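Notes to accompany the following structure.
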Amino acid sequence: MTQRTWLITGISRGLGRALAEAALAQGDTVIGTTRSGWLEPPRAPNLHVVPLDVADPEQIRPALRQALRLCPQLDVVVNNAGYGLFGAVEEASVPQAYELFSTNFFGPWHLIQEVLPVLRAQGRGHIVNISSIAGFSPMHGSGLFAASKAALAAMSERSEEHTSELQ
C-alpha cells in the first residue's frame with residue numbers, strides 16, 4: 001500500500017480530526033491545520049500541525065509553503081475547515097455573513113488557487129472539499145450556512161466534458 005501525504009484544514013475536532021486520525025492509522029503523513037497551529041494529543045510522528053485561519057487569505061500562501069517544506073509532495077488536499085451559523089437570515093449581521101463565507105467558501109477557494117499549480121507540477125493529486133447536506137437541502141435556520149456550503153459544492157462540481165487532467 002502506498003503511503004500518501006494529506007493536507008487537511010481544520011483538524012482540531014470533528015470530521016477533520018477523524019480524517020487525520022484515519023490517515024495516520026494507515027501510515028500516511030498528515031499536515032493538518034488549526035487556527036492556533038496547536039493540537040491537543042494524540043499526536044503522531046507523521047503528523048505536522050501548521051497554523052492557518054482559512055478566513056484570512058494572507059495566511060494561505062505561507063501555510064502552504066510551510067506544508068511543502070515539511071513534505072514536498074501532496075497527494076490529498078482536504079478543505080475541511082468551516083463552521084455553522086444558524087438562525088434567521090435577517091438576524092445575522094453583515095460581519096457574521098462575511099466571516100462565514102470567508103471561512104466556508106473563500107478560504108477553500110484561495111487554497112485551491114494556491115495548491116493547484118503544485119498538484120499540476122507534480123502531475124497528480126486530489127482536492128476534496130467538505131460541503132454539507134445543508135447545501136443541497138437546507139433546514140430551517142440554516143440559510144446562510146446552507147448558502148456558503150452550496151457555493152462550495154457548486155464550485156466543486158465538475159463536468160466530464162470540462163474536466164482536464166492535472167497535466
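The values are calculated or read from the model by the stated rules, or taken from the named source; none is laboratory data. Keep in mind it's a predicted model, so treat the numbers as computed, not measured. Cβ coordinates were reconstructed from backbone atoms using ideal geometry, including for glycine residues, and neighbour counts include every protein chain displayed. What goes into the accessible areas is simple: the full protein's heavy atoms, side chains included, and nothing from ligands, DNA or RNA. Shrake-Rupley method; radii C 1.70, N 1.55, O 1.52, S 1.80 Å.
For the stretch 61-70, check the following and say yes or no: at least one residue is open to solvent by 30 Å² or more (accessible area, probe 1.4 Å) and either outside any helix (DSSP H, G or I) or touching a His at 6+ places or on another chain (Cβ under 6 Å) (or both).
yes
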* Residue count, the stretch 23-36 (criterion: more than 13 Å from the chain's Cα centre (by Cα) and under 23 Å from Gly84 (Cβ atoms)) -> 1
* **Pair list, Cβ under 6 Å, 6 or more apart: the stretch 74-96 residue closer than 25 Å to Val115 by Cβ and part of a strand (DSSP E or B), other residue of a type in the set (S, T, N, Q) and open to solvent by 30 Å² or more (accessible area, probe 1.4 Å)** => Asn79/Asn129
* **Qualifying positions in the stretch 7-18 - of a type in the set (Val, Ile, Thr) and either open to solvent by 50 Å² or more (accessible area, probe 1.4 Å) or in contact with a Lys or Arg (Cβ under 7 Å, 6 or more places away or on another chain) (or both)** => Ile11
* Please find, within the stretch 38-60, the residue that is surrounded by the fewest Cβ atoms within 10 Å (Cβ to Cβ) out of those that are aliphatic (A, V, I, L, M) and over 26 Å from Phe105 (Cβ atoms). => Ala44
* To do: Please specify each residue of the stretch 105-140 satisfying the condition of being more than 15 Å from the chain's Cα centre (by Cα), surrounded by 15 or more Cβ atoms within 10 Å (Cβ to Cβ) and either modelled with pLDDT under 95 or over 28 Å from Pro62 (Cα atoms) (or both).
  => Ala134, Gly135, Pro138
* To do: Hey, can you tell me all the residues within the stretch 19-37 that are farther than 15 Å from Val76 by Cα, open to solvent by 30 Å² or more (accessible area, probe 1.4 Å) and not in a loop (DSSP other than H, G, I, E, B)?
  => Ala25
* **Test: residue in the stretch 85-101 that is open to solvent by less than 40 Å² (accessible area, probe 1.4 Å) and farther than 21 Å from His140 by Cα** => no
* To do: Could you tell me whether the stretch 33-41 includes any residue that is free of Cβ contacts under 8 Å to residues at least 12 places away in the same chain and among the basic types (Lys, Arg)?
  => no
